[in-house]
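Okay, structure first, notes after.
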Amino acid sequence: MTTIDTNPVQAGKGWTIGLWGAQGLLAAMFLMAGSTKLMSGSAELVAMGMGWAENAPLFLIKFIGLAEVAGALGLILPSATRIMPHLTKLAATGLAVIMVLAAGLHITRGEFEVVPVNVILFALTAFVIWGRTKKAPIAPRA
């Protein structure tokens, strides 16, 4: 049986603003990246500088795009509506996994200049996971 803490830790305003800022930035980045993958073909993505798309199956590209869009929505909607806000942490976890896998791919392809972006996005997702778990959790609607 799962219990829901109805009296979450009260976080300072700065933590709340910082977490919402990180969630908004991540959502914008992943919504843009995911939408691009969903709406573009392999050749278009390669022309945009995504060299890895040249050898990737189209299904995989679309799957990654869909996962990024779903993750972006999951960062905002559950917390904003306070309907199952724990899903925000799961969305951030999924996006963190995508960033680890993306960094691994870029490293194996010798695309080291892209890895810092993956590391920064991973760090922001880790911050959201930590913050929404420990520092400023959002209570579900009563």
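The values are calculated or read from the model by the stated rules, or taken from the named source; none is laboratory data. Please read these numbers as outputs of a predicted model, since none were measured by experiment. Here the Cβ is made from the backbone with ideal geometry for all residues, glycine too, and neighbour counts use every protein chain on show. Note: areas computed on protein heavy atoms with side chains; ligands, DNA, RNA excluded. Shrake-Rupley method; radii C 1.70, N 1.55, O 1.52, S 1.80 Å.
A few remarks follow.
- The listed residues are K89, K62, and the only one of them that is out of contact with any Lys or Arg (no Cβ under 6 Å at 6 or more places or on another chain) and basic (K, R) turns out to be K62.
- Whenever a residue of region 14-28 is outside any helix (DSSP H, G or I), it has no partner that is open to solvent by less than 90 Å² (accessible area, probe 1.4 Å) lying with C-beta atoms less than 9 angstrom away and at least six residues away or across chains.
- For region 72-89, the candidate set comprises residues that are among the β-branched types (V, I, T) and open to solvent by less than 70 Å² (accessible area, probe 1.4 Å); within that set, the residue that is farthest from I138 (Cα to Cα) is I76.
- The sole residue among F122, F127 that is of a type outside the set (G, A, S) and without any contact (Cβ under 8 Å) to a residue 40 or more places away in the chain is F122.
- Taking region 125-136 as the range and being surrounded by fewer than 19 Cβ atoms within 10 Å (Cβ to Cβ) and of a type outside the set (S, T, N, Q) as the test, the residues that pass are A126, F127, I129, W130, K134, K135.
- Selected residue [β-branched (V, I, T), over 25 Å from W20 (Cα atoms) and either at pLDDT 95 or above or buried (at least 17 other Cβ atoms within 10 Å of the Cβ) (or both)] from V100, V117, V69, V46: V46
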